[in-house]
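Data block below; observations after.
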Amino acid sequence: IGIVTHDYRGYEGCIPSVCAVMQRLARAKSVPQDYLYYGIPSPWLQVKCMKVLQYFPTPSDPDYVRAETEVIHHVLTNTGTVKNVNKNNALHAVLFEAVNLVTNLDLPNQKSLLTESVAALGRFLDVNEPNIVYLGMSGLTRVCAPDTIEAVQSFKDVVVDKLNDADISIRKRALDLLYEMCDANVATDIVDSLLRYLITADFAIREELALKTAVLAEKYSAGNARWYLDVALKLVEKAGDFISDDVWHRVVHVVTDAPELHEHAARVALEKLRQNSYEEKFVRLAAYFLGEFGHKLGANEPPFGYAKLLFEHFKTSSPQTQQIILTALAKISMHPGADDDLRTRLGMLFRQHASSKEVELQQRAVEYFVMTNVGGNAERLRSVMEPMPEWNTQSRQSKLERSLATQNAQAADAVRVNKARSGGAIAPIAPPPNDTAEPGTPIPTMGIADLLGGAPVPNVNGNVNGHGPAMGGEGAPNGAAASPAAARWGQVRSAVVDPMSDLLSGLGVHPGQPPPAPPAQPVMDPLAASVAPAPATAPPQSNPVPTINVADCLKKLYAQDNGLLYEDPNMQIGVKSQWQGTQGRVMFYVGNKSPGTLTDVALELSGGVDGLHARLAALPTQLEPKKQTQVLLELAAAGGYRAAPGLSLRYSVPGQAPVQVPLKLPYGPHRFMQPWRPTNAQEFFAKWQEASAGRSEGRVVTVAPEIARGGLAAIQAALSSVRMTPLPGIDPNQKNLTAGSYAKYGNGGGVETYALARVESDANNPAIFRVTTASTDAGTAIGVQEAILSQLLP
């Protein structure tokens with residue numbers, strides 16, 4: 001096998017001998033007792049015979065073809081499932097190699113053998129043994145192709161049921177198989193099934209599920225564009241936190257290219273916003289639709305109405321969403337029916353954010369204010385805000401499909417089989433791209449479910465622990481292509497898009513994008529004191545000066561899922577995180593910015609935390625120049641706790657002393673909080689009394705100037721950013737604000753642990769507030785207060 005793997009030419013004379021051995025074993029003729037394994041004639045030799053034949057072209061001699069066909073037919077029709085596990089393994093090894101041989105040869109009765117292969121694999125789906133079910137679905141995924149798809153589709157209902165299987169590996173394989181078997185005949189049924197499953201799908205599979213649903217809906221929407229739009233809107237609304245921006249960008253592209261969808265898109269978006277759909281990515285999509293197509297709603301929906309609705313969502317949205325809403329509002333000000341009163345009101349909004357600390361938001365606000373409030377500029381704005389031209393999606397490959405093409409090895413194998421079935425050699429699989437994954441690529445998991453198994457789990461390192469216009473990147477819809485702000489949309493360095501963008505610019509990923517300038521007064525890491533010092537035997541450390549304000553980055557990461565954690569002249573660490581229930585996944589993007597190889601590289605957790613189970617993957621000890629690697633941290637909250645463990649970064653630069661940098665992680669208990677809204681004030685204060693009996697933490701603070709200027713609205717936004725649900729109107733004093741959330745620690749079935757907050761204002765000083773948190777768990781009360789203060793203090 002090793003020889004013919006490289007080149008089969010010159011070894012064609014082996015085929016007769018291999019066929020003879022294979023026939024003898026399959027028919028069990030004259031096989032010595034020593035070669036029987038649970039009554040099976042030398043299954044390992046059968047597997048090798050079938051494997052070696054896959055490297056040769058289909059024999060031209062009909063006798064050899066007949067020999068191969070007879071053996072394959074015998075295996076496919078006579079292999080079942082028995083109680084003995086070892087015998088099962090041997091039988092199934094032979095069966096799967098026979099299926100592989102069918103798919104790699106161009107046999108006269110190919111279709112008949114393929115149908116038999118599908119039937120044999122399909123029988124596995126009804127077995128109660130999870131491993132056998134998994135093998136059956138894996139085999140069906142591999143053989144699914146145009147000439148077998150109809151046979152595979154006969155198992156559609158069974159596979160849909162497997163989406164709810166207790167074993168997550170079977171659920172993932174069921175998703176892969178449904179994706180492969182989908183065609184125009186069953187697309188509606190499969191997409192509807194995936195949408196229903198999306199509501200209950202677990203965290204580890206939801207991102208891939210949403211991506212595949214979006215691709216299938218677009219791929220098979222010919223002649224039914226409205227169906228695609230309805231599916232896409234439901235998808236973005238239900239799975240917004242688990243989809244990349246590429247998904248809603250693609251919806252924008254498709255709808256923009258279909259004029260018959262414009263009015264329907266705007267109307268559905270408006271209805272959903274009126275139903276209080278607060279999912280961020282849906283709000284971005286709805287803002288784009290209303291800004292571009294709102295004028296097609298007719299006189300019954302005046303611009304003032306949907307502009308006011310967008311403004312309500314603007315107040316509670318993230319800066320990235322606010323940027324898109326600002327552009328939409330600027331376009332709405334030019335819609336038929338928009339009067340000077342609306343433009344004046346919008347001008348007040350633009351002026352209010354002209355001094356925003358978010359550079360892109362400030363830029364847009366300034367430009368839109370000048371255009372809407374300076375004489376003679378309204379007409380210029382009208383020309384700038386012309387509807388977007390068509391994207392010509394028919395001539396461009398979908399970025400979503402490109403993402404799926406390299407998402408996992410199984411998908412690549414299935415694509416390879418589909419394209420190679422015309423006979424002859426198998427096309428080689430394209431190597432995966434180097435360096436970083438494309439934005440939106442799902443984060444892999446090491447199996448987070450077992451982190452909640454009770455005892456702390458040792459990690460790989462040996463540590464044991466308890467956008468329309470604003471997003472940038474390829475394919476982003478451009479809501480104001482002709483404005484100066486629009487010209488800068490693709491250049492804004494945003495940690496949400498790519499926390500390693502300045503590192504990658506040297507590799508040509510983002511050409512022309514300059515690295516960020518270091519602050520005028522570099523700030524040393526203020527968190528070093530919170531981590532134990534290095535042992536006395538360690539060599540002397542020589543830590544470089546960070547090129548970012550580490551404290552500011554940590555403050556942002558308390559509220560944001562993506563951003564920079566640390567950066568110095570040699571090393572950069574970006575972060576992308578995802579959260580659901582009591583589980584979280586954090587991907588560290590560790591990059592070497594220096595021109596030389598970094599050695600002795602290590603990223604380790606320091607200190608265990610009762611209540612929080614953590615596992616950190618291993619980091620390569622060497623990092624090549626201008627290269628980046630990814631390290632996964634998995635977190636599971638089994639109980640209340642105060643703060644996440646510390647993180648220690650170590651590396652060595654040739655010719656310099658080793659570097660060791662202690663870092664703090666912003667993943668306190670607030671990350672696992674869920675919204676809580678009491679029905680009245682009495683319910684809140686009853687819960688407050690109950691929580692205060694556990695632990696109550698109060699602190700009088702002087703808030704940051706921008707918080708003081710913003711008043712209660714800024715306090716409310718700060719609370720929301722750390723997953724505390726603001727409850728305006730609950731406190732009898734209208735100048736005070738309350739908030740509440742809860743967590744179900746453990747596997748999600750535990751007792752609800754409430755975390756409540758009360759922010760009381762000082763009547764004499766608008767910058768002074770008393771922040772009090774209460775919880776039945778002491779650690780949770782302290783941790784939540786720390787998260788709140790991170791957003792309030794300067």
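The values are calculated or read from the model by the stated rules, or taken from the named source; none is laboratory data. These numbers were taken from a predicted model, which means no experiment stands behind them. Cβ placement follows ideal geometry from the backbone for every residue including glycine, while neighbour counts extend to all protein chains displayed. Note: areas computed on protein heavy atoms with side chains; ligands, DNA, RNA excluded. Shrake-Rupley method; radii C 1.70, N 1.55, O 1.52, S 1.80 Å.
Okay, here's what the table says:
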read-out: About the Cα centre, charge dipole magnitude for the range 566-674 (Lys/Arg +1, Asp/Glu -1 at Cβ), debye; value: 240
read-out: Within straight-line cross-link reach of K399, lysines at Cα separation under 16 Å, skipping those fewer than 8 residues along the same chain; value: K212, K219
read-out: Mean Cβ count within 10 Å, highest first, over the residues of peptides 252-259, 383-390, 780-787; value: 780-787, 252-259, 383-390
read-out: Which listed pairs, of K48/K87; K87/K111; K156/K272; K281/K331, have C-alpha distances above 21 Å, in listed order; value: K87/K111; K156/K272
read-out: Coordinate range along principal axes, alpha carbons of the range 112-257, Å, largest first; value: 46, 32, 19
read-out: Point-to-point label distance, T200-T58, nm (Cα→Cβ direction, 7 Å offset); value: 4.5
read-out: For a label point 7 Å along the Cα-to-beta-carbon line of S169, residues of the range 122-149 with backbone N under 14 Å; value: 129-139
read-out: Rough spin-label spacing in nm, given labels placed 7 Å along Cα→Cβ, for T5 and S17; value: 2.0
read-out: Probe 1.4 Å - accessible area at K272, Å² to nearest ten; value: 50
read-out: Centre separation in Å (Cα based) which lies between the range 185-229 and the range 619-633; value: 35
read-out: Inter-probe distance in nm under a simple model that places probes 7 Å from Cα toward Cβ, at A763 and N680; value: 2.8
read-out: Kirkwood hydrodynamic radius over Cα pairs of the range 204-254, then Stokes diffusion coefficient at 37 °C and 0.692 mPa s, in µm²/s; value: 304
read-out: At most 15 other Cβ within 10 Å, DSSP loop - trypsin sites (Lys or Arg not before Pro), the range 642-743; value: K735
read-out: Accessible area of the range 71-162 belonging to carbon and sulfur atoms, whole % at 1.4 Å probe; value: 51
read-out: When each of K556/K687; K315/K357; K357/K576; K234/K315 is checked by Cα-Cα distance, pairs over 19 Å; value: K556/K687; K357/K576; K234/K315
read-out: Solvent-accessible area per residue for the range 1-69 (1.4 angstrom probe, square angstrom); value: 61
read-out: Surface accessible to a 1.4 Å probe, C182 within the full protein complex, Å²; value: 10
read-out: Rounded accessible area per residue of the range 277-373, 1.4 Å, Å²; value: 39
read-out: Solvent-accessible area per residue, Å², over the range 609-667 with all protein chains present [probe radius 1.4 Å]; value: 33
read-out: Trypsin sites (Lys or Arg not before Pro) within the range 6-105, DSSP loop, no more than 12 other Cβ atoms inside 10 Å; value: R9, K29, K83
read-out: Mean-position separation - Cα centroids, the range 307-372 and the range 710-776, in angstrom; value: 28
read-out: At R0 = 60 Å, FRET efficiency that the Cβ-Cβ distance of R274 and K48 yields, to 0.05; value: 0.35
